[in-house]
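A.B. asks: Here it is, the structure, as structure tokens.
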Amino acid sequence: MGKVDGFLEYERALPKTEAAEKRVTHFNEFYLESDEAHKKEQAARCMDCGIPFCHSGCPLGNLIPDFNDAVYREDWKAAFEILSSTNNFPEFTGRICPAPCEAACVLGINEKPVTIEFIEKSITEKAYENGWATPITNIERTNKTVAIVGSGPAGLACADQLNKAGHSVTVFERSDRIGGLLRYGIPDFKLGKEVIDRRLDIMKAEGVEFKTNTNVGVDIKADELVNDYDAVVLCGGSTIPRDLDIVGRHLKGIYYAMDYLEQKNRMVAGDKISNKENIIVEGKNVVVIGGGDTGSDCIGTSNRLQANSITQIEILGKPGNQRTEKDPWPLWPMVLKTTSSHDEGCDREWALLTKAFVSEDGENLSGIKVVEVNWQQGENGNMQMQEIEGTDRIIPCDLLFLAMGFVHPQYEGLLKQLNISLTKRGNVDDIYYKTNLAKVFTAGDMRRGQSLVVWAISEGREAAVEVDRFLRDGVSALEVKAGSVLGLG
């Protein structure tokens, strides 16, 4: 490393943000620009640790010490080339990744880890500023065609890789804009949509074709796609949300979190929302069930739309502030996470079980009945929940957002038409990203279940390797492995 004792000299320091009371007045990104000296100092904290556990912590295997060293030496172009060699979209992960690489940082054993995510974003923005992020125009074509269903991070990464390998790629998206979860699931204050659009412009210039408003399985029959293309990759995501089927579920004012977030992302984009459909939180008491990032996004969005009160509840107990013997370094730390949205204002409650939705008029939601619970380890080793007698109460609630995750991909349409095999968990079954159908592959949340954007990018890249092998050699990784075992490879 350029400065081997940098971690001793400098402390972890993220860029400053706009004050909470100011940033809740708009939907723009709110991190303030930091100077070159600050970025160089943060890169200098990367240790000459011998074994960089950050490599294994990152699903993409980013060469983190290498690009940190380049930033310290102020060779930003080299840093971008190193980063781009493993990550198709560092401008996305540099903004919205929970940074498992930082959780695995060796410095994190007894100090605060390197600000890897911030450095990654800084490298990418420097590349765009200096014109280094440009289309590759000399791609040699193979005359093979690939259809990718779904334009979320997995589909986009797979499309980018296969296109650069020379195949002609068409991405089908049922929505009116490209991006999937990136476009409609993540608020602009975390990921401005102009960041997505500038990357899409590069991909289009490189030859990737995008078809929006095209629901495969409805607008196009699934078998037509399979017949018309040399390979098909299913990247439709895990889109069926987990429900809460309790008394009062029929009441007005209960929404899935993603329906709310998509509508408000459309609002920020300038789309007209009808009065009948508009979910208005202004002046309302809002409750979010679910303690993850989607719930946090509902909080930040509701703060900006002037909700009267916001309460986030979680059925699990409140995490501690330190790792335990159950999550030692370099595992992901199961500690309390406080996001920028929480800092903007909300009440947080843990170990609460929602028993019923309550209404004063029999039609509209007015509150939720909850009870406190204890979690204890049972005889079989699993954690078991027990209600605490006498702790029942009503939390006032005009609008409720269910942010409890997703259970599986949508079956109606595409998957049923293809008769795709599914796992016991209900995801698309595969071996080395190949489904039970000839020339049909899968990647992302549709395959692995609900996960992180960085995992989706990794899935798209890895699936592209298998698709490319199939298109060039006519065999899958499974067939290659079987041939090797039989002495044929």
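The values are calculated or read from the model by the stated rules, or taken from the named source; none is laboratory data. Please read these numbers as outputs of a predicted model, since none were measured by experiment. Neighbour counts are summed over all protein chains in view; Cβ atoms, including those assigned to glycine, are modelled from backbone coordinates with ideal geometry.
A.B. asks: Condition (residue is under 27 Å from residue 57 (Cα atoms), among the basic types (Lys, Arg) and out of contact with any Ser or Thr (no Cβ under 6 Å at 6 or more places or on another chain)) applied to segment 348-369: is it met by at least one residue? Break it down stepwise before answering.
C.D. replies: Initial filter on segment 348-369 (under 27 Å from residue 57 (Cα atoms)): none.
Looking through segment 348-369, none of the residues is under 27 Å from residue 57 (Cα atoms), among the basic types (Lys, Arg) and out of contact with any Ser or Thr (no Cβ under 6 Å at 6 or more places or on another chain).
A.B. asks: Another question about this same structure. Do we find a residue being surrounded by fewer than 17 Cβ atoms within 10 Å (Cβ to Cβ) and among the hydrophobic types (A, V, I, L, M, F, W, C) anywhere in segment 164-177?
C.D. replies: The answer is no, given that none of the residues of segment 164-177 is surrounded by fewer than 17 Cβ atoms within 10 Å (Cβ to Cβ) and among the hydrophobic types (A, V, I, L, M, F, W, C).
A.B. asks: Would you confirm, using the coordinates I've provided, whether residue 227 is buried (at least 18 other Cβ atoms within 10 Å of the Cβ) and either part of a helix (DSSP H, G or I) or assigned by TED's automatic domain parsing to the domain that holds residue 172 (or both)? Steps first, please.
C.D. replies: Details: buried (at least 18 other Cβ atoms within 10 Å of the Cβ): no; either part of a helix (DSSP H, G or I) or assigned by TED's automatic domain parsing to the domain that holds residue 172 (or both): yes.
No: the conditions fail for residue 227.
A.B. asks: Counting only residues that are in contact with an Asp or Glu (Cβ under 7 Å, 6 or more places away or on another chain) and among the aliphatic types (A, V, I, L, M), give me the strands (runs of 3 or more DSSP E) lying completely in segment 321-391 with at least 2 of them.
C.D. replies: 352-358, 367-377
A.B. asks: What is the residue count in segment 116-130 for residues that are of a type in the set (Phe, Trp, Tyr) and closer than 16 Å to residue 32 by Cα? Break it down into steps so the answer makes sense when it comes.
C.D. replies: Step one: filter segment 116-130 for residues of a type in the set (Phe, Trp, Tyr), giving 118, 128.
After this cut, where a residue has to be closer than 16 Å to residue 32 by Cα as well, the list is 118.
So the count comes out to 1.
A.B. asks: Something else about it: So which of 233, 218, 195 ends up being aliphatic (A, V, I, L, M), outside any loop (DSSP other than H, G, I, E, B), within 20 Å of residue 414 (Cα to Cα) and at pLDDT 95 or above?
C.D. replies: 233
A.B. asks: Could you run through segment 36-50 and say how many residues are assigned to a loop (DSSP other than H, G, I, E, B) and either modelled with pLDDT of 95 or more or basic (Lys, Arg) (or both)?
C.D. replies: 2
A.B. asks: Further question on the same structure: Please go through segment 141-163 and pick out each residue that is in a loop (DSSP other than H, G, I, E, B) and over 19 Å from residue 229 (Cα atoms). Give the derivation first.
C.D. replies: Filtering segment 141-163 down to residues in a loop (DSSP other than H, G, I, E, B) leaves 141-144, 150-152.
Scanning segment 141-163 gives a single hit, 152.
A.B. asks: Right, here's the next one. Scanning for something within 29 Å of residue 259 (Cβ to Cβ) and either at pLDDT below 95 or of a type outside the set (D, E, K, R) (or both), does segment 459-470 turn up at least one residue?
C.D. replies: yes
A.B. asks: Do we have any residue at all in segment 6-16 that's free of Cβ contacts under 8 Å to residues at least 24 places away in the same chain and within 15 Å of residue 107 (Cβ to Cβ)?
C.D. replies: Within segment 6-16, one or more residues are free of Cβ contacts under 8 Å to residues at least 24 places away in the same chain and within 15 Å of residue 107 (Cβ to Cβ).
A.B. asks: Would you say residue 297 is assigned to a loop (DSSP other than H, G, I, E, B) and at pLDDT 95 or above?
C.D. replies: In short, no.
A.B. asks: Does segment 316-334 hold any residues that are surrounded by 16 or more Cβ atoms within 10 Å (Cβ to Cβ) and in contact with a Ser or Thr (Cβ under 8 Å, 6 or more places away or on another chain), and which are they?
C.D. replies: Matches in segment 316-334: 330 only.
A.B. asks: Give the residue, chosen from 129, 111, 102, that is surrounded by fewer than 22 Cβ atoms within 10 Å (Cβ to Cβ) and under 26 Å from the mean Cα position of the chain (by Cα). Even if it seems obvious, please write down each step before you answer.
C.D. replies: On the way: 111 fails: under 26 Å from the mean Cα position of the chain (by Cα); 102 fails: surrounded by fewer than 22 Cβ atoms within 10 Å (Cβ to Cβ).
That would be 129, the only listed residue that is surrounded by fewer than 22 Cβ atoms within 10 Å (Cβ to Cβ) and under 26 Å from the mean Cα position of the chain (by Cα).
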